[in-house]
Amino acid sequence: MNKKNILVSLLVLAGACATAGAADFTGRGVFNFKSDSGCPFSALAGPANECNRLALDDADTRAALDSAVHTLRFANPRSYGQKTIVGDVLLQGTGQSRHSGQRVPLTFHALLSRSGNDWSVSSHAHSPVGGEFSDIRIDPYQVVVIEGGAERVVLTPAQIAETLSRPSIAARLANEFLQVRDNRKGGATDADITVGLGLGRASKSVARAHFHAPGAKGSELSEAMRQGDWSLELQALSGQIPRQVVQRDLFLYGLESQSLLLPLMQRGFHKNEKLVLGATGGKGYVRYDGQQREFAGADASARAFLQGSFIGLVLGWQQLQPQTPVAKKTDGR
C-alpha cells in the first residue's frame, strides 16, 4: 500500500470516530465494549454489560467502533508475507433452542487476517447447547475493513445471525468430531468437562476443564469470585494442542505477561500439564508446573475466559444451570 492510500485509510478511520458513541483503538491489546443484547452470564458481566470484545494482535492494526450505527472498522497499512491473524471481534447474544425451547447464550467470533495487502475473515459460533436456534438476539454490528483506501463490508448483521441460527454443512461435519463429556457424578455440582476430538470410541481426549466455586450460584457467583475461594483448572490431555492456539488464548485472557507462563508461550502445553487460576479469600493466584504466584488479575482473566471461549461458556453454563446437559459447538473450530 503506497503512502497516499495509507493516509486515506487513516483519514477514513479517523472520520469514523468523529461521532458520538465512537471510540478508536490502537496498539496490541484486548478491548471490551457494551453488549446491548446482554452477556452470557450476567453475574460475571457487571452492570455495564461490557462483554463484547475487540482484539488487536499487533501495533499496525487500528479499529474504530461506532456503537450508534453498530459498525466496526479495521485498518492496517502493513503488508504481510503470509496469512496472519491481526484482530478479532466477539459478539454476545442469545437464541432459542429449536430442540428444547430454552433460551441459551450464543457467541459469534470472527477472526480477521491479512495476507499481503488483502483482508480475509473466518467466523464461527459458540453455544453450550447444540442444534439450531431461532429468535436470535445479538447487537446488529457490521464489520468493515479499509482496503486500498476504500471501505469493504466483510460481515453484515444478517450473516452473523445466519451463522448463529443455522450452522453450515462444513461446520456440522466438523462438529461431529468434537466431543464434550460431562464428568459430574454422584450429585457433584462443580462444572467439569472433558473435550475430545474424533468419533465415538475413536475420540481422543484433548483437554479437561474444571471450575470450582463452592456454594456460588446465580448472582452470588460474581461476589464469590471477587471475595471468596474459587479455582478454574485447565489440563492438557494431549501434547498436540497447537502452540499458536495456546499463545493466542494467553493473549486474549490477559495471561501472556505472566513470567510463570513463559514456557507455555514458547512451546505450548505438554501432556497432562495444568494451568490454574483461582483465589483464596479473594486474593488471586496463578499456578503452573508446581509453582504458584500471586496474580491480582486472576478474577478478570477467569471472567473473560468463561464468557469468551467455548470451553468457558460450557463451564459457566454448567455452574449456573447444573441440571442442563452440555452439548457441542454450533459452528466452526
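The values are calculated or read from the model by the stated rules, or taken from the named source; none is laboratory data. Please read all numbers here as calculations on a predicted model, not as lab measurements. Don't worry about glycine lacking a Cβ; one is built from the backbone with ideal geometry, like all the others, and counts go over all protein chains shown.
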Restricting the first residue to the stretch 278-307 and requiring it to be assigned to a loop (DSSP other than H, G, I, E, B), which pairs with a second residue that is among the small types (Gly, Ala, Ser) meet a Cβ separation below 8 Å and a spacing of at least six or different chains? Gly281/Gly228; Gly282/Gly228; Phe295/Gly284; Phe295/Ser301; Ala296/Gly284; Gly297/Gly254; Gly297/Gly284
Checking the condition among the polar types (S, T, N, Q), at pLDDT below 95 and within 25 Å of Asn32 (Cβ to Cβ), which residue from Ser123, Ser113, Ser134, Ser97 passes? Ser123
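Condition check ((1) under 17 Å from Pro40 (Cβ atoms); (2) under 20 Å from the mean Cα position of the chain (by Cα)) across all residues:
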| residue | (1), (2) |
| --- | --- |
| His99 | no, no |
| Phe108 | yes, yes |
| Ser113 | no, yes |
| Ser134 | no, no |
| Arg137 | yes, yes |
| Pro140 | no, yes |
Being part of a strand (DSSP E or B) and buried (at least 18 other Cβ atoms within 10 Å of the Cβ) is the filter here; which residues of the stretch 74-84 pass it? Phe74, Ala75
Pairs with Cβ under 8 Å, 6+ apart, first in the stretch 308-320 and within 15 Å of Ala43 (Cβ to Cβ), second of a type in the set (Lys, Arg): Gln318/Arg184; Gln319/Lys217; Leu320/Lys217
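State yes or no: is Asn76 on the phi > 0 side of the Ramachandran plot and in the same structural domain as Phe33 (by TED's automatic domain parsing)?
In short, no.
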Please state which of the following conditions Pro167 fails to meet, knowing it meets all the rest: (1) modelled with pLDDT under 90; (2) more than 21 Å from Cys39 (Cα to Cα); (3) surrounded by fewer than 19 Cβ atoms within 10 Å (Cβ to Cβ). (3)
Among (1) touching a residue at least 24 places away in the same chain (Cβ under 8 Å); (2) surrounded by fewer than 18 Cβ atoms within 10 Å (Cβ to Cβ); (3) over 25 Å from Ala64 (Cα atoms), the one test that Gly149 misses: (3)
Which pairs have Cβ atoms under 8 Å, sit 6 or more apart or on different chains, and link a residue in the stretch 221-246 that is of a type in the set (Val, Ile, Thr) to one that is surrounded by fewer than 18 Cβ atoms within 10 Å (Cβ to Cβ) and not in a strand (DSSP E or B)? Val246/Met265
Among the residues of the stretch 71-88, is any of a type in the set (A, V, I, L, M, F, W, C), closer than 29 Å to Ser222 by Cα and touching a Leu at 6+ places or on another chain (Cβ under 9 Å)? no
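Can we say Phe305 is farther than 13 Å from Leu232 by Cα and crowded, with 20+ Cβ neighbours inside 10 Å? Break it down into steps so the answer makes sense when it comes.
Working: farther than 13 Å from Leu232 by Cα: no; crowded, with 20+ Cβ neighbours inside 10 Å: yes.
No.
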